[in-house]
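*Asks:* Below: one structure in structure tokens.
The values are calculated or read from the model by the stated rules, or taken from the named source; none is laboratory data. This structure is a prediction, so every number in the text was calculated from the model and none was measured. Methodologically, a virtual Cβ is constructed for each residue, glycine included, from the backbone with ideal geometry; neighbour enumeration extends over all protein chains shown. Accessible surface is based on the protein model in full, side chains and every heavy atom, while ligands, DNA and RNA are left aside. Shrake-Rupley method; radii C 1.70, N 1.55, O 1.52, S 1.80 Å.
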Amino acid sequence: VNTISSIHPALMNGWSSEQKQVITAAYSQIQIPQREADFYFIVDAIVSLVRDGHTNIYWDKQEQEMLDLPLLWIRDGLVVTEDRGDLHIGDIVTAVGGLSIEELEQELAKIVPAENDQWVRVQGTSLLRAAFFLRHLGLIVEDQVEVTVQRGAESISATMPVTGKQLSNEYSPYPKADPPFSYIFEDELSLGIFQLNTCENNRQYQNTVKQFFEDVKVRNIKHIAVDLRNNGGGASSVIDEFLSYLDIKSYYNYGALLRYSPQVKEVYGAEQSSGYVESGRQLTQNILKTLRPYKGKLYLLTSPRTFSSANMFAVIVQDNRLGKIIGEATGNQPSSYGDVLGFQ
């Protein structure tokens, strides 16, 4: 409570009365000894009060046991992605352990630090398979969980095992995060697709972007798409690097509010340990890295997993009308928090 209130920009004016009620309830609960898992959720409920996807608490024991049921939350609902016993790929989950999906979403919203429903569902897909979360809700009976699904007009219930065995990775319809950046061309569509899975502005990224635009020129490509659907963020400077090959004179970048604290002074070497500084949006002059900048169409592909600096990429492109966004809403709000400080 003291750490978050002293560093987070959202709490410069202190906790609200509603937030204080949750904190008071937490202190009341810990007057008696707690199991490790119970304490985790008590603390996590406080962290989630800030409603910031970048402000999280991690517990290294939370992923030991899993429900053996691959899931994906899409527009149609929570979907089974592989056959498991009586449950089939494509089934829509309507209840877990007797709690409806609506009730489960309410529980997830209490403990998933998030700015919107998309991020709650991204994190919730994993949590609904995690035994520590299912036990927290009292949904596990004799190492099994009852799952109810809708298949057409039919409602089907099955008991699924919780296991400590190594399970297959979560299904994802988005490109894998390895390698961090790559590209392909579909010449018949005059389309180049730049796959950006992490925002890391290193020499490899810079060389890959340069080579991509050289190939775009040779192939006379008229449309390029940056695929951010599996990008969880990183260094926002990847945005400027990419745009430096486009025929753009200037564009507006984010304004910011920076709150100073003793922790910020220690980590970043700031001159002050209190107060804040606020800056308006910045007009960035585009320093071209080519004599033949790209003049075609630009598209960005997004999903609920598009987060942090990847979300910034989409916002800058859309707000400056540099291109078109195609896909689902991102995991952040357009205006969100950024730099992360770590504590143990």
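*Asks:* For the stretch 204-304, just run the numbers: alpha carbon Rg, then divide by 2.2 N^0.38 Å, N being how many residues it has.
*Replies:* After normalising by residue count via 2.2 N^0.38 Å, the value is 1.40.
*Asks:* A follow-up question, please. Over the alpha-carbon set of the stretch 1-84, divide Rg by the Kirkwood Rh and report the Rg/Rh ratio to two decimals.
*Replies:* With Rg and the Kirkwood Rh in hand, the quotient comes to 1.08.
*Asks:* With the Cα gyration tensor of the stretch 5-152 in hand, give its eigenvalues times 5 under a square root as the equivalent ellipsoid semi-axes, listed largest first in whole angstrom.
*Replies:* Equivalent ellipsoid of the stretch 5-152: 30, 18, 12 Å, largest first.
*Asks:* Next question, about the same structure. What does the extension gain come out to for Ala109 and Leu72, with contour length at 0.36 nm per residue minus their alpha carbon separation?
*Replies:* Details: separation 37, 0.36 × 37 = 13.32 nm, distance 1.73 nm.
Once the chain is fully extended between Ala109 and Leu72, it gains 11.6 nm.
*Asks:* Now, a different point. Tell me the carbon and sulfur percent of the accessible area for the chain, rounded to whole percent, probe radius 1.4 Å.
*Replies:* Carbon with sulfur: 48 percent of the solvent-accessible area.
*Asks:* Taking the Cα atoms only, what angle lies between the long axis of helix 36-47 and the longest principal axis of the chain, rounded to 10 degrees?
*Replies:* 50 degrees
*Asks:* Let me ask something else about it. Looking at the stretch 23-71, which chymotrypsin sites (Phe, Trp or Tyr not before Pro) are in a loop (DSSP not H, G, I, E or B) and have at most 15 other Cβ atoms within 10 Å?
*Replies:* Tyr58, Trp59
*Asks:* Next up: To the nearest 10 degrees, how steeply does helix 309-319 sit against the main Cα axis of the chain, on a 0 to 90 scale?
*Replies:* Tilt relative to the chain: about 60 degrees.
*Asks:* Taking the C-alpha atoms of the chain, how large are the radius of gyration and the largest Cα-Cα span, Dmax, in Å?
*Replies:* Calculated on Cα positions, Rg and Dmax stand at 22.8, 70 Å.
*Asks:* Let me ask something else. For the stretch 247-344, compute the orientation-averaged projected area of the C-alpha convex hull (one quarter of its surface), in nm².
*Replies:* 8.5 nm²
*Asks:* Relative contact order for the stretch 246-288 using alpha-carbon pairs under 8 Å, separation at least 6, rounded to a whole percent?
*Replies:* Taking the mean separation of contacting Cα pairs over the length of the stretch 246-288, I get 52 percent.
*Asks:* Calculate how steeply helix 117-127 sits against the longest principal axis of the alpha-carbon atoms of the chain, using the helix alpha-carbon long axis, and give the answer as 0 to 90 degrees to the nearest 10.
*Replies:* 60 degrees
*Asks:* What lysines could a cross-link reach from Lys222, if we take a straight Cα to Cα line under 28 Å and drop same-chain neighbours fewer than 8 places away?
*Replies:* Within the straight-line cut-off, Lys222 pairs with Lys176, Lys210, Lys249, Lys289, Lys295, Lys297, Lys324.
*Asks:* Restricting to DSSP loop positions (anything but H, G, I, E, B) with no more than 16 other Cβ atoms inside 10 Å of their own Cβ, which GluC sites (Glu not before Pro) remain in the stretch 250-282? Could you put the intermediate results ahead of the total?
*Replies:* Details: sites: Glu266, Glu271, Glu278; in loops: Glu271.
In loop regions of the stretch 250-282 (DSSP not H, G, I, E or B), the sparsely surrounded GluC sites (Glu not before Pro) are Glu271.
*Asks:* To the nearest 20 debye, what is the magnitude of the charge dipole of the chain about its Cα centre, counting +1 on the Cβ of each Lys and Arg and -1 on the Cβ of each Asp and Glu?
*Replies:* 1520 debye
*Asks:* Pairwise over distinct Cα atoms, reciprocal of the mean inverse distance: report the Kirkwood radius of the stretch 86-168 in Å, one decimal place. List each step's numbers first, then the result.
*Replies:* Values: mean 1/r = 0.0739 Å⁻¹.
For the stretch 86-168, the Kirkwood estimate is 13.5 Å.
*Asks:* Could you give the accessible area per residue of the chain, probe 1.4 Å, as a whole number in Å²?
*Replies:* Using a 1.4 Å probe on heavy atoms only, each residue of the chain averages 55 Å².
*Asks:* Using the 2.2 N^0.38 Å rule of thumb for compact globular proteins, work out how the stretch 240-285 stacks up: its C-alpha Rg over that value, please.
*Replies:* 1.61
*Asks:* With +1 on the Cβ of every Lys and Arg and -1 on the Cβ of every Asp and Glu, and nothing else charged, how large is the dipole of the stretch 132-246 about its Cα centre, in debye rounded to the nearest 20?
*Replies:* Around 160 debye, computed over the stretch 132-246.
*Asks:* Please list His136, His8 from largest to smallest accessible area, probe radius 1.4 Å, with all protein chains kept in place.
*Replies:* Largest accessible area first, the residues go His136, His8.
*Asks:* Determine one quarter of the surface area of the Cα convex hull of the stretch 1-41, which equals its mean projected area, and express it in nm² to one decimal.
*Replies:* Seen from a random direction, the Cα hull of the stretch 1-41 projects 3.3 nm² on average.
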